[in-house]
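The structure under discussion appears below in the form of structure tokens.
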Amino acid sequence: MSSVAAANPVVAEAPVAAPRTLVHKFGGTSLADADRYRHVAQLLLARDEHMQVAVVSAMKGVTDALITLAERAACNQADWRDHWHDIRARHGAAAASLLGEHAGATVEWLDARFDHLAEILGALAVIGELPREVRDRVQGLGEVFSAHLLGHHLQALGEDCAVLDAREVLVVGHGELGVDVDWALSAQRLATWRRQHPQKRVVVTGFVARDRDDHVTTLGRNGSDFSGAIFAALFNADELHIWTDVDGVLSADPRIVPEAVQLGTLSYDEACELAYFGAKVVHPQTMSPAIARGLPIIIRNTFHPDHPGTRITASSASSGPIKGLTLSPDLAVLNLEGTGLIGVPGTAERVFAALRNAQVSVVMISQGSSEHSICCVIKQAESTRARDSLLQAFAHELALGQVQRVQLTPGISVLAAVGDGMAGQPGVAARLFESLGRAQVNILAIAQGSSERNISVAIDSHDATKALRAAHAGFWLSPQTFSVGVIGPGNVGAALLQQLRLAQPQLLAKARLDLRLRAVASRSRMLLDQRGLQDDWKPAFDSAASQPADLERFTAHLLSARLPHSLIIDCSGSSEVADHYAAWLAAGIHVVTPNKQAGAGPLDRYQAIHAAAQGSGARFRYEATVGAGLPVITTLRDLVDTGDEVTAIAGIFSGTLAWLFNKYDGSVPFSALVTQARAMVYTEPDPRDDLSGVDVARKLVILAREAGRELSLQDVSVESLVPASLRQNSVEAFMDQLSRMDAALARRLAGARSRGNVLRYVAQLSPTLAPSVGLVELPADHAFANLRLTDNVVQFTTRRYCDNPLVVQGPGAGPEVTAAGVFADVLRVAAGEGARL
Ligand code: ADP
Ligand code: ASP
Ligand code: MG
């Protein structure tokens, strides 16, 4: 693992008085067009510094454009002149805008440079190749133009400012470990230059330099940060300020993790680890000249100049074990495996020697203590070369069978968690692995440096975004985020969506939980949204923004966000939707539902659903299928999980039937009560759905299965209260003929009363009798005979609760309480995934 030790472990304090000499480096993001140059100039002028050095990058995108230009010319692609013209026009326009009437000389200067460039490009087109030296010369021109523009703009504003072309003073070599600076020669050349240019304000070209053979060269891509640090050293600066387009170093790349947080301080070591592993905001090499001098580096935002930014010094304030996370893409895993490697000294050395000879740099190494294999992570672009070098180096052992294989896996990214605070603190790796595991990210290799400042894992690049987000949330750096889809936005669904929306701010603030509603589907339409639907989902759903429902696309959309967790809430009553559960769970999508179809439907489907959940670790929760918001299934599950044995279950599981029989005392006909209940929306639109008893039977099946019995709906004897003659016709016809129920029920009631009993619609499961739901007579003092309104009651008789059964009782119907039961399940799932509930 890369780590640069602090050569000068001086803790740099924030200076009390304004520092004397400051170097400011402005990246391309701060120099996109004339307006940005003006902004940067004002920013510099507003600062009261004794000596001020501004190191500049090329205008945004210009380095890339120059490289492409040279490559096109070398391939003699006819359009290279158009590209050349575009770059020239962009600079000409910036000069005209910045310098106004003084632009003449600068435009002439630019024209001369561009004409010369055209000559070089013309020559490339003839020779048909792009020598390194020419490439270096061309790609660094953007910085030369940029420094000229800023310097002359400052001069046009009346400032006495000099422009330093770094190619005149900075001398570097290109060694095996990258660029090394010839400090003595560079300092000497700078001193000579300063004698001619003693100004207090100097604008310097970033990125470019000269090599020891006096050829123009560059410091490597993103090298202007390094230039900033080099000139901070050469000018003996007090601080280096790197100005970019974010508020400092963030805990992760904000383009992948929008919730990334800004870090106030970082140690050099932390910054090096982060930068090395891909946090693009600061280039790793930048740190070495600054570290050697204990020079504070401050990363700041050009667009937010008042923000303090991130201060990088020898030591940092610790806040938790992990400061930040980074991702390095475009890597490959190379694995050498063989029984002949065990206990043989020098194998690792041979692997690395072979890779070095093939000029392959190794990003990460991991070897298990069995020594059966050595695995290293390398750049994808170098991977074929790397594999061939190992095949060659171990050809003999491969032929003898001592080495079984050399295996290359492309498409790899490395995720690294970085922080000084993890040293000596147990559990950091566990937290990382747990977060990744829960997000279903497979880890191919792991490495931790003995500095304990970095844990790196190699993962499939397809999982990279999801992994970064999951780990970021896992370390509490951002909320646990769920990609949520709701099916069936009817009564319960609508109530749930409303409850979710109202609870959102509190869940975010207190539980660090972000339930992001990204899809809503009804039977016919669906609305998909990238970022998260707010209160406005309904009008959008009803408008042309929605599309025909398609559960395959709905699912793909939920997964496409690469959020750490996905969740589908099925508030439909549909068996076809339940057919999807097993596949969803197998794909790692959690499922929460008040829909009874899966719990009470075909046993093989039920078993497949549970097996899928077991296999993937995704959760299937359905508390609201029985007793709405009452904790019925949770209670039953607790009993079973703690080793109790359920012997009998009985209860009143229908709020509608509970209300009807609580009211039915013979003073009004039963049919009148049904009409009244329907008017108060206590019944389903078709009251026969309640009166048939099937819904109650479904709940009994769900509880029986939960208690470990393989029961199916056909096994339950169901007494329907709807006379056979009324079962087929329309709801209206049924309601008209409702009174045909009355006589039979009145007789049952009279009979019961004569025996001092009451009538109740009860579900029963016992060891001896067949499971049943139907109308029974109960003594007037029975617990089931004294419920209020639509209360449900469930009674569990178990080995432990044998004399006095465990009873769960309370309101068991209505969209609000049912939605609350679903919501509670959602929160249980979230807690299981690490939300702080
Ligand atoms: P400049 O042109 O100023 O040098 P860069 O594009 O090289 O800017 O680097 C700044 C960008 O780095 C930011 O806009 C941000 O998107 C990206 N970045 C990646 N990782 C991080 C991180 N951990 N913290 C801050 N920015 C990051
Ligand atoms: N312009 C150079 C690049 O894009 C150097 C830099 O901006 O840091 O790589
Ligand atoms: Mg940069």
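The values are calculated or read from the model by the stated rules, or taken from the named source; none is laboratory data. Just so it is clear, the model here is predicted, and its values are computed rather than measured. So basically every Cβ, Gly included, is an ideal-geometry build from the backbone, and we count neighbours across all protein chains shown. Side chains are part of the model used for accessible areas, which takes the heavy atoms of the whole protein and leaves out ligands, DNA and RNA. Shrake-Rupley method; radii C 1.70, N 1.55, O 1.52, S 1.80 Å.
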The chain: angle of helix 603-616 to the longest principal axis, Cα-based, in degrees nearest 10: 30 degrees
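Give the relative contact order (percent, whole number) for the chain; include only Cα pairs under 8 Å separated by 6+ residues.
Values: 1660 pairs, mean separation 74.0, N = 837.
So the answer I get is 9 percent.
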The chain: calculated mean residue ellipticity at 222 nm from DSSP helix runs of at least 4, using -39500 (n - 2.57): -12000 deg cm²/dmol
Largest-first principal axis extents, alpha carbons of segment 739-837, Å: 58, 38, 24
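Which of the peptides 377-386, 690-699 is most tightly packed, and how do the rest follow, going by the mean number of other Cβ atoms within 10 Å of each residue? All intermediate terms of the calculation are to be shown ahead of the outcome.
Numbers: 377-386: 18.5, 690-699: 23.4.
Result, highest mean Cβ count within 10 Å first: 690-699, 377-386.
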Note, ³J(HN,Hα) from phi for segment 373-380, Karplus 6.51, -1.76, 1.60, rounded to Hz, x at Gly and Pro: 8, 10, 10, 10, 9, 9, 6, 4
Angle between the chain longest axis and helix 551-560 axis [Cα atoms, degrees, rounded to 10]: 40 degrees
Exposure of residue 468 as accessible area (Å², to 10), given a probe of 1.4 Å and all protein chains: 0 Å²
For the chain: accessible area per residue (Å², 1.4 Å): 42 Å²
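Based on the alpha-carbon set only, what is the convex hull volume of the chain divided per residue, in Å³?
Per residue, the Cα convex hull of the chain comes to 235 Å³.
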For residue 304, residues with placed amide H under 5 Å, excluding near neighbours: none
Ordering of 407-417, 100-110 by burial proxy (mean other Cβ atoms within 10 Å per residue, highest first): 407-417, 100-110
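How would you rank 153-165, 54-66, 330-342, highest first, on the average number of other Cβ atoms within 10 Å across their residues?
Values: 153-165: 17.8, 54-66: 23.9, 330-342: 19.7.
Taking the mean over residues of other Cβ atoms within 10 Å, the ranking is 54-66, 330-342, 153-165.
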Derived scalar couplings ³J(HN,Hα) [segment 782-792; Karplus, 6.51 cos²θ - 1.76 cosθ + 1.60; whole Hz; x for Gly, Pro]: 5, 4, 6, 8, 10, 8, 9, 6, 9, 4, 9
Per-residue HN-Hα couplings for segment 502-515 [Karplus 6.51, -1.76, 1.60; θ = phi - 60°; Hz; x = Gly/Pro]: 5, 7, 3, x, 5, 4, 5, 6, 8, 9, 6, 10, 10, 8
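What percent do you get for the relative contact order of segment 575-701 when only Cα pairs under 8 Å and 6+ apart count?
On the way: 121 pairs, mean separation 27.1, N = 127.
So the answer I get is 21 percent.
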Rounded percent of accessible protein surface that carbon and sulfur make up, the chain, 1.4 Å probe: 51 percent
Taking all pairs of distinct alpha-carbon atoms in segment 161-237, Kirkwood radius in angstrom: 12.5 Å
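Counting only other residues whose beta carbon sits under 10 Å from that of residue 771, what net charge do I get with K and R as +1, D and E as -1?
Numbers: positive: 709; negative: 715.
Here the charged neighbours net out to 0.
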Angle between the chain longest axis and helix 141-156 axis [Cα atoms, degrees, rounded to 10]: 80 degrees
Amide H contacts of residue 163 (H built 1.01 Å from N, under 5 Å, at least 5 apart or other chain): 203
Long-range amide H partners of residue 647 with built H, under 5 Å: 797, 798, 799
Relative contact order of segment 711-837, defined on C-alpha pairs under 8 angstrom at six or more residues apart (%): 16 percent
